[in-house]
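To start, the structure under review is shown below, and the notes come after it.
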Amino acid sequence: MLGIALYPDKTTIEEDKNYLSLAKKYGYQRVFMSLLQIDIENPKKSIQRLKESIQYANELQMEVTLDIHPMVFQYLKIKEDDLSYFAKMGVHTLRLDSGYDGRIEAMMTHNPYHIHIEVNMSKETNYLDLISSYHPQKQYLKGSHNFYPQRYTGLSLQSFMRCSQKFQNAHLSSAVFLTSQQAKVSPWPISEGLCTLEMHRDLPIEVQARHMKMLDMIDDWFIGNAYASEEELKTVSEVYHSQIDTLYIEINDDITDLEKEMLLKYIHEYRGDASEYVIRSSKNRQRYYQCSLPAHKIPKDIQRGDLLILNENYGQYKSEVQIALTDRQADARINVVGRVRHEDMILLECLKPFQCFQLLEKE
């Protein structure tokens, strides 16, 4: 599912309602809110604003996730074995930013209100194994990554994959945070984006979304800051529901119309016998074997991310489309016709043998 985030202590109910309605229009089903910023001097005031936005989200049949930590139970003078307070608020999921000892998390999944318990999945520990040893109701247990407002503190891709793999292996639902480049509202005074992966921080949100789609590790995506623009909401929704992965490309001025057709007209399939030097798409060899495909006048050195078409001097390999994965010297039998857009370079590592993908020219 797709989700947005709201921070009612920083906004008005009218703004929240407009954003919730807009997100609902594009198929968003989850809403993240936080009690970590509760005013301990006047908690009722913080909670009242939350309740207003939660109520409207419930009216739209959107699932509300509330981020809490153990101190929240102390502030509210309630116990972890009684979640009736949150049930009355209309909370669907309690996210435990800081956890307990595993036993309490497991116990909380047995609540009679069927509130889901979402645990922090961004730490490389045996936390999930510990919870599992106390026999939770797994249908009410799931995980979500942190977001990181401070630059250079987000997860590395390697750490993200290791943490996510644990939840995937356990068949538990998971969530991640993408960051809007248009939103201004966040829960903390310092916010340099609200992403899970550090490499996402300055990328357009559509690239973040396509990266997450290709990684295929996470079920739910939240946009961590508010308010994302309508275009961002629409784009992320389109990527989430897309049937095929895409790479945006830049085309060289000396490309021919035929070469451009070879890149853009057909769906490409990454050959299963994968090379560390190129991603190969070979089906054009049958389509264009009778066409003239001369070499370019000036061969170009090949760099990672370059789009290559093998010309008629390459014998039976003529018209094969390739994407370079390493740098190498020019080859007169290979026409360099464009390159993968800079922002999309992180996606090259995500493509897998036998995977289909589409090349699109970015306007």
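Sub-7 Å Cβ pairs linking a first residue in region 220-234 that is over 13 Å from residue 209 (Cα atoms) and of a type in the set (Asp, Glu) to a second residue that is outside any strand (DSSP E or B) and open to solvent by 10 Å² or more (accessible area, probe 1.4 Å), at least 6 apart or interchain, are 230/22, ordered by first then second residue. Suppose the filter is among the hydroxyl-bearing types (Ser, Thr, Tyr), open to solvent by 20 Å² or more (accessible area, probe 1.4 Å) and within 35 Å of the chain's Cα centre (by Cα); does residue 317 pass it? No; evaluated as a whole, the condition is false for this residue.
Among residues that are over 30 Å from residue 216 (Cα atoms), open to solvent by less than 60 Å² (accessible area, probe 1.4 Å) and in a helix (DSSP H, G or I), residue 56 is included.
Restricting attention to region 269-286, which residues are surrounded by 15 or more Cβ atoms within 10 Å (Cβ to Cβ) and not in a loop (DSSP other than H, G, I, E, B)? Result: 269, 278, 279, 280, 281, 284, 285.
Within region 88-114, residues that are under 18 Å from residue 174 (Cα atoms) and open to solvent by 20 Å² or more (accessible area, probe 1.4 Å) reach partners that are modelled with pLDDT of 95 or more and in a loop (DSSP other than H, G, I, E, B) with beta carbons closer than 8 Å, at six or more positions or on different chains, in the pairs 92/115; 97/146. Of all the listed residues (260, 297), the sole one being of a type in the set (Lys, Arg) and either outside any helix (DSSP H, G or I) or more than 19 Å from residue 359 (Cβ to Cβ) (or both) is 297. Identify all residues within region 209-219 that are open to solvent by 50 Å² or more (accessible area, probe 1.4 Å) and touching a residue at least 60 places away in the same chain (Cβ under 8 Å); write none if there are none. Once the filter is applied, which keeps residues that are open to solvent by 50 Å² or more (accessible area, probe 1.4 Å) and touching a residue at least 60 places away in the same chain (Cβ under 8 Å), region 209-219 yields only 219. Is it the case, given these coordinates, that residue 308 is part of a strand (DSSP E or B), hydrophobic (A, V, I, L, M, F, W, C) and either open to solvent by 10 Å² or more (accessible area, probe 1.4 Å) or over 28 Å from residue 157 (Cβ atoms) (or both)? No; evaluated as a whole, the condition is false for this residue.
The values are calculated or read from the model by the stated rules, or taken from the named source; none is laboratory data. All values derive from a computational prediction rather than experimental measurement. Note: ideal-geometry Cβ built from the backbone for every residue, glycine included; neighbour counts use all protein chains shown. Areas reflect the complete protein model, heavy atoms only, side chains present, ligands, DNA and RNA absent. Shrake-Rupley method; radii C 1.70, N 1.55, O 1.52, S 1.80 Å.
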